[in-house]
Each structure stands twice: as C-alpha cells, then as structure tokens.
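Report on the following structure.
Every number here is computed from the coordinates shown, using simple stated rules; none is lab data. Bear in mind that the values here come from a model prediction, so they are computed numbers and not experimental data. Every residue, glycine as well, gets a Cβ built from its backbone with ideal geometry; the counts of neighbours run over all protein chains shown.
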Amino acid sequence: MNMDFLQKELQDIDALGLRRSLKILEGPQGRSVSIDGRQVSNFCSNDYLGLAGDRRIRLAAIRTIEEYGFGSGASRLICGNMGPHEQLEEELAAFKGTESALAYSSGYMANTGIIPALMDRHAAVFSDKLNHASIIDGIILSRARLLRYPHLDMQALEGMLKTCPAGGRKLIVTDTVFSMDGDRAPLKEIVGLGRRYGALVMVDEAHAFGVLGEHGGGLAEELGIVHDVDIQMGTLSKAAGCFGAYVCGTKILREYLINKSRSFIYTTGMPPALAGAARAAVQIIRLDGSLRRRLQANSDHLHERLKAMGFDVMGSTTPIIPILVKDPAAAKAMSLRLLEQGMLVQAIRPPTVPTGTSRLRLTVTAGHDREDLDRLLAAFRGL
Ligand SMILES: *Cc1c(COP(=O)(O)O)cnc(C)c1O
C-alpha cells in the first residue's frame, strides 16, 4: 500500500480552510513572543499567571537537576520514584485540601489513565459535549458506555441519569472551565445529581487551577465543594507554567490508581526537575494572590471593552475569551490580520470546536499590562 492518502487528506483539509501548521517561538513564552524574527503581543497562551518563564521556577528546576540529574530512569513503580515526585504530591494534596495526590506526566495522560482505571465496559460515563478531547479518549479506552449531554444542560443530564439502568458503575465527568469557550460548569448541580443518582463525579480543572478560588485551587474551591468531588484532576501545564498533571482525592484513590492506571504504570516517571519546578509553582500560586488579582483585573477589562464593541464572547466568564466568527476561513483571515498588527490570536476551527462555531480565542494573563490590552483592543476595532 502506498501513502498517497496522506497528501490527499491534507488537500481535503486545506480545501475546507482547516489546514493547521506550527509556528516557531524564538524565545521564551511570555506576554510578548518572537515569531519570524518579529516581536508580537501574545494572546493565546495558557500561561495565565505568567509563570512559564518565572525566575523562581527556573531556579527550582536547576536546583533539582543539580541534585537529581535529568531523567528519572524508569517508571515510578520500578525505580523512577524520587523525592521530588513525592514532595510535589504532598504539596498538591495540602494545597487542594485532599488526603492525597498523584502526579501524571501530562493532562492528556491523566485523563486517559484515570477514567479507564475506574470504569469498565459495564459502566456508564456522562460527559459534557464540550469536554476536552483527552476526556473523550479516556472514556473510549475504558469501553464504558458514553452518554454525552448537551453543553451545561443539567435537565438533559438528569434525564440520562434517570433512564440509565441501575447496576454498573456511573461517572459524571466535566471540565470546570471549558477550554474553548471560557464558561464554567454548574458544578454544585452536578455534584447534587451525582449524589442523587449514585454516580461518581470527576472534574478536570485544567483551566481553573491557579485561576479560580480564593487560593487558586480551582472551581471546586471557589464553590466550597472540594470534599464533594470524588476525583479532582488538573494540569500543571497552564497557570502553573510547567508540565504534567495531578489527580487529588482520597488515599485509597491514589493507591488504586498506582496499581491500576496504565498511563501511570507504563511510562517513565516525570523528570524530577519537572516535579521540583511544579512544586515551586504550586507554592507561588498558594502564597502570591497578587498574580491572580492582576489576571482578574485584566480579564474584566477585556470582557467589558469587547462586549461594549459588540463582539459575541459566547458566555465566557474567565480569562479565556472566545470571539464567535462562525466561518473557519473568516476566523483564519481575522487571525492573520491581527498578526499583521503584531497581535498573536489563534483562530480555533473544527474539529477542535463544533462546525459553524469557528472563533478567535483570546487568552489574557497576569503578565499583560494595560498598554498591551489597549493595543489589542485598537487592533480589534480595526477588524
Ligand atoms: C490542556 C487540557 C488538558 C491536557 O493537559 P496537558 O497537560 O496539556 O496534556 C486536559 N484537559 C483540559 C480541559 C485541557 O484544557
């Protein structure tokens, strides 16, 4: 068999205006980045607190490398479990107020490792239609029945829970902040439904960790329901500015996952320097509320001005601000026009978002200053 189908499928994607390509950053992540020899304002990073290039985190990584070397050498169950891994997990559990925490090498691996460990082919998993792809892939791997409810629709979720036959494990899983829409899950209602219909509740706090809650613990913390959520997953790659992920919950949950979760068991332990850096990031998030306050002020400012200019921000209430365009080619053209004016704003198109909802997706961070925001708004005025 030859590989001509590769070229053919790429041409099909191109014809639909959906071809994607990689851009190269010629320096660190930050509020402004260098691309093609040009410095542009960055409005598409998930580095919400500006920690990816933070000096304290760099130093924590360097210190850990000097003490432990770079690679961990083996999976954590063989001989790759080091002090920094355990210290990161203790830090996370203390921060989230749970009995324990377990680190994964990425958010994608956490979701594809946790869900199949907990669910089996007799189970039913209820999942918001706009949940992250890694959650969907985790459910598919588990072989459980996948029941997708319309985005945020609690009546539909309850209807599905009601008609689901008793017996068999049940899990409701949701992003707490939706990555392409910036809106929030009705988590109190979800917890209530889980209790009422005997389903476990799992949250993915990828975009809420470090961003929401008085101490930055996420949406469950903001709502005061940390102890009502059974499985709390989040990433260390967004507001924490590092890489990797965690799941927080009971001691038994941690023990169970260590024994049953394939993406934890069958992969090399994360480099200890990453664990050391992530621990420093969690400490900064916990102790330095000023970053979160600056993020909130920047986010409020952009929300207010964009709405006043008549843009549809699709129900976002967070630093992820979508601007609905609908047509994928038009979204791409707007993104290119913004780039010409020195503003990096990505167009998000299917299959990442549903057909007909192509959009620009802005993200604002604590690293931006008022001048950055005002230049962005001026560029939007010219669109
Ligand atoms: C980014 C993201 C992930 C994946 O996390 P990585 O650490 O980047 O692999 C999972 N879930 C959600 C909701 C995300 O936004």
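For region 55-287, what number results from the quotient of the Cα radius of gyration and 2.2 N^0.38 Å? Could you put the intermediate results ahead of the total?
On the way: Rg = 17.2 Å, N = 233, 2.2 N^0.38 = 17.5 Å.
Cα Rg divided by the expected 2.2 N^0.38 Å: 0.99.
For residue 14 and residue 79, compute 0.36 nm times the residue count separating them, minus their Cα-Cα distance, and round to one decimal in nm.
So the extension gain works out to 18.7 nm.
Across region 341-354, in residue order, what do the Karplus-derived ³J(HN,Hα) couplings come to in whole Hz, using 6.51 cos²θ - 1.76 cosθ + 1.60 with θ = phi - 60° and x for Gly and Pro?
Values per residue, Gly and Pro as x: 8, x, 10, 8, 9, 7, 8, 10, 10, x, x, 5, 10, x Hz.
Sort 218-225, 345-352 by the packing proxy (mean of other Cβ within 10 Å over each peptide's residues), most packed first.
Per-residue Cβ counts within 10 Å, averaged per peptide and sorted highest first, yield 218-225, 345-352.
Which whole-Hz couplings ³J(HN,Hα) result when phi for each residue of region 212-226 is put into the Karplus expression 6.51 cos²θ - 1.76 cosθ + 1.60, θ = phi - 60°, listed in order with x for Gly and Pro?
So the J values, rounded to whole Hz, are 9, x, 4, 9, x, x, x, 5, 4, 5, 4, 8, x, 10, 3.
Taking 41 Å as R0, compute the FRET efficiency from the Cβ-Cβ separation of residue 266 and residue 23 and round it to 0.05.
Result of the calculation: an efficiency of 0.80.
Could you give the dipole magnitude of the chain about its Cα centre, charging the beta-carbon of Lys and Arg +1 and that of Asp and Glu -1, in debye to the nearest 20?
Once rounded to the nearest 20, the dipole reads 420 debye.
Treat the count of other C-beta atoms within 10 Å as a stand-in for reagent exposure and order 376, 236, 77, 193 from fewest to most.
Fewest-to-most ranking of 376, 236, 77, 193: 77, 193, 376, 236.
Rounded if a/c is under 1.5, else prolate if a/b is larger than b/c, else oblate: which is region 1-134, with a ≥ b ≥ c the root eigenvalues of its Cα gyration tensor?
Because a/c hits 1.5 or more and a/b fails to exceed b/c, region 1-134 counts as oblate.
Which net charge results for the neighbourhood of residue 207, defined as the other residues with beta-carbon distances under 11 angstrom from its beta-carbon, given Lys and Arg at +1 and Asp and Glu at -1?
Neighbourhood net charge equals -3.
Each residue of region 291-300 in turn: what ³J(HN,Hα) in whole Hz from Karplus with 6.51, -1.76, 1.60 and θ = phi - 60°, glycine and Pro shown as x?
So the Karplus estimates, Gly and Pro as x, are 4, 5, 5, 5, 4, 4, 5, 5, 5, 4 Hz.
I want to check the label-to-label distance for residue 169 and residue 301. Put each point 7 Å from Cα in the C-beta direction and report it in nm to one decimal.
My value for the distance between the label points is 4.7 nm.
Do the alpha carbons of any pairs in 96/129; 129/332; 23/238; 170/307; 23/260; 188/332 sit beyond 30 Å of each other, and which pairs?
From 96/129; 129/332; 23/238; 170/307; 23/260; 188/332, over 30 Å: 170/307; 23/260; 188/332.
Would you calculate a helix-derived [θ] at 222 nm for the chain, using -39,500 (n - 2.57) for each DSSP H run of n ≥ 4 and dividing by the full residue count, to the nearest 500? Walk me through the numbers on the way to the answer.
On the way: 14 runs with 161 residues, N = 383.
My calculation for the chain gives -13000 deg cm²/dmol from helical runs alone.
Contact order normalised by length for region 55-287, with contacts defined as Cα pairs under 8 Å and 6 or more residues apart; what percent is it?
31 percent
Find the relative contact order for region 1-41 and round it to a whole percent, using C-alpha pairs within less than 8 Å whose residues are 6+ positions apart.
Relative contact order, region 1-41: 21 percent.
Bin by bin, in steps of 10 Å, what percent of the Cα pairs in region 134-210 do you find, going until the bin that has the longest distance?
17, 52, 28, 2
I need to check one value: relative contact order of region 268-383, counting alpha carbon pairs closer than 8 Å and at least 6 residues apart, in percent.
Result for region 268-383 is 27 percent.
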